[in-house]
Amino acid sequence: MGSSADETKSHGFMWYVGLFQASCFSLVYFVAPFYILSCLVIFVMTGVAAVNKVETSFSLYWVLAYVSPMLLSTIVPPIAMPTVLSLLKPMTYYFDSFEMIHERENWYEELVEKQSANYMLACQPHGVLSYVGIMSAVVAPPAVQGKLPTAVADAVLHTPILKHVMGIFGLISASKKSLIKTMTKNKGVQGTVVLYVGGLAELFLSDENEERLYLKNRKGFIKLSLQTGVDIVPIYMFGNTTVLSVM
């Protein structure tokens, strides 16, 4: 009886930790653009005040303190941090219905052991923020955890703060040139790419009540597969559109 109660308390605590972690991703995802915009506004206001020799209600030190995270993030490239992903496991308690189903149970093992075959993991739907993708990286076997490069829009790679938070999963450009380079230069885990084929267009189709895919006009990844000889592994992320909605 006591053991069961302790497990319930532990589960409840981990649930709140997972909620906090998931909320941090959502907060950064939505707030980062507004923070960057506010930094630009402050830069302009400070510059105009300096030119016109007008005193402002905030000192230069406060301005630098406010914009320094953006400036630092602009200069420093995103860094993949596979070891950090294990710290995000409390999110599995928050998304307690998360489950991965493989048509081939030994798929990961083959990818790691052979180190000769490359794959394009074609994921859909995109969702507003792919929490299913995040959870897949968190619960993946250590041999591949955080080591599968995820292709994203260049806008993500150049957005301060956001690029570092999402960068822990290992990001590359979703451009054709970048994908070809990754899948032909590397083999096995490092040559396997996670690609959200619907892209930003599918993001804005996200609906909590209906699964919508943007696939009819997305044939480039198939052509790329034929060109590079890389097999496509279709991945459907159930519930990815119900976690968050487009505001």
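Quick notes on this one:
- Restricting attention to segment 123-136 and to residues that are touching a Ser or Thr at 6+ places or on another chain (Cβ under 8 Å) and in a helix (DSSP H, G or I), the residue that is farthest from Tyr214 (Cα to Cα) turns out to be Met135.
- Yes/no for Ala49 being at pLDDT below 85 and either more than 15 Å from Lys163 (Cα to Cα) or loosely packed, with under 11 Cβ neighbours inside 10 Å (or both): yes
- Residues (without any contact (Cβ under 8 Å) to a residue 40 or more places away in the chain, touching a strand residue (DSSP E or B) at 6+ places or on another chain (Cβ under 8 Å) and under 18 Å from Ala155 (Cβ atoms)) located in segment 172-194: Ile172, Ser173, Ala174, Ser178
- Test: residue in segment 180-195 that is exposed (fewer than 13 other Cβ atoms within 10 Å of the Cβ) and over 15 Å from the mean Cα position of the chain (by Cα): yes
- Number of residues in segment 114-165 that are crowded, with 21+ Cβ neighbours inside 10 Å and of a type in the set (D, E, K, R): the value is 1.
- Residue match in segment 24-39 (condition: farther than 26 Å from Phe95 by Cα, aliphatic (A, V, I, L, M) and at pLDDT 85 or above): yes
- Single match in Glu7, Glu55 (criterion: at pLDDT below 90, surrounded by fewer than 10 Cβ atoms within 10 Å (Cβ to Cβ) and either part of a loop (DSSP other than H, G, I, E, B) or not small (Gly, Ala, Ser) (or both)): Glu55
- Residue within segment 113-122 that is in a loop (DSSP other than H, G, I, E, B) and without any contact (Cβ under 8 Å) to a residue 12 or more places away in the chain present: no
- Residue within segment 204-212 that is in contact with a helix residue (DSSP H, G or I) (Cβ under 9 Å, 6 or more places away or on another chain), within 18 Å of Val152 (Cβ to Cβ) and charged (D, E, K, R) present: no
- Among the criteria (1) under 18 Å from Pro82 (Cα atoms); (2) at pLDDT 90 or above; (3) not aromatic (Phe, Trp, Tyr), the one Gln145 does not fulfil is (2).
The values are calculated or read from the model by the stated rules, or taken from the named source; none is laboratory data. The structure displayed is predicted, hence computed values, not measured ones. So basically every Cβ, Gly included, is an ideal-geometry build from the backbone, and we count neighbours across all protein chains shown.
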